[in-house]
Amino acid sequence: MSTKWLDTRQKVVAYARKLQAERLVYSTAGNISLRVPGEPGLLAVTPTSTQYDFLEPEDIAIIDLDGNVVDGRRAPTSETPMHTLICKRRPEVGAIVHTHGKAVMTMANLGWTLPPILTGLVEATGGPVYTSPYSQPETDQMADFTAEALEDRGATFMRFHGLIAIGADLEHAFHTASVVEGACEVFLTIKQLGVDVEELPQEQVDWIASYWRAQFPGAPEPLPAPEPKPYPGLVR
Ligand SMILES: [Zn+2]
């Protein structure tokens, strides 16, 4: 194998293993794409039908934004069109992480919205996480139907399927996927308690979300911090 893209491939393998370690994927489900540094028209993508335990850098395909394999011994994920179309339309997106964690799959089945219930969630996603309409696997629908929910947001549930998380780089995309899984667990626990789900005040959401937005190249500076004040409505 050419060593030209070795660093990028190794990084994808390292994060694929992290997805498995955090139980954000099962068996061969889920996938990652990462833009090749200095070559924004190329993506390093996890292969189709490969157990994460056995993944090696050589298994990571290098593809162009039309899905053509440029280098690699394994075919890229069957969900490649979702990755290439998002990267084509969104030049600021540097990496995509697609997960099948239990909590996000529960939300994806229910078609629910994850409200801004935690500061860390807003910092990782930019606001509420919506469920996108059902899209047929291995079609352009997967990118088309998630586009609206990802417009100003780091993640969306894909109906009857899982989660897609985007970021300026792989660190951000992985962080978002991981935080959303945890926040879904918290949200579903609150629902089971039968109490009202409390949300952060909108002013706080707007401020924290501006830090999420700032990760992307060319984004404005984060908003100045609001004047700290008590929020009486949130005291039990
Ligand atoms: Zn999937």
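The values are calculated or read from the model by the stated rules, or taken from the named source; none is laboratory data. The structure displayed is predicted, hence computed values, not measured ones. Reconstructed Cβ throughout: ideal geometry from the backbone, glycine too, with neighbour counts over all protein chains shown. In case anyone asks, the SASA skips ligands and DNA or RNA and just uses the protein heavy atoms, side chains included. Shrake-Rupley method; radii C 1.70, N 1.55, O 1.52, S 1.80 Å.
Here are the numbers for the structure shown:
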| read-out | value |
| --- | --- |
| Cβ-derived FRET efficiency at R0 41 Å, residue 196 paired with residue 71, nearest 0.05 | 0.15 |
| 0 to 90° range, to nearest 10: angle between helix 80-89 axis and the chain longest Cα axis | 70 |
| Projected-area average for the stretch 108-184 over all orientations - Cα convex hull basis, square nanometres | 4.6 |
| Chain lengthening between residue 219 and residue 147 when straightened (0.36 nm per residue, less Cα-Cα) | 24.0 nm |
| Qualifying lysines (Cα of each under 18 Å from Cα of residue 18; at least 8 residues distant if same chain) | 102 |
| Where the stretch 137-192 is the region considered: accessible area per residue in Å², 1.4 Å probe | 39 |
| Kirkwood-based shape ratio for the chain, expressed as Rg/Rh from alpha carbons | 0.99 |
| Candidates 178, 27, 210: whichever shows maximal mean-square fluctuation once the chain is modelled as a Gaussian network with Cα springs under 10 Å | 27 |
| Between 0 and 90°, nearest 10: helix 202-213 axis offset from the chain longest Cα axis | 20 |
| Residues residue 206 and residue 110, FRET efficiency given R0 of 30 Å [Cβ-Cβ distance, rounded to 0.05] | 0.65 |
| Carbon + sulfur, % of accessible area of the stretch 1-137 - ligands and nucleic acids excluded, 1.4 Å | 52 |
| Distance from the stretch 101-133 to the stretch 164-178 (C-alpha centre basis), Å | 14 |
| Between helix 170-193 and the chain: long-axis angle, C-alpha atoms, 0 to 90°, nearest 10 | 40 |
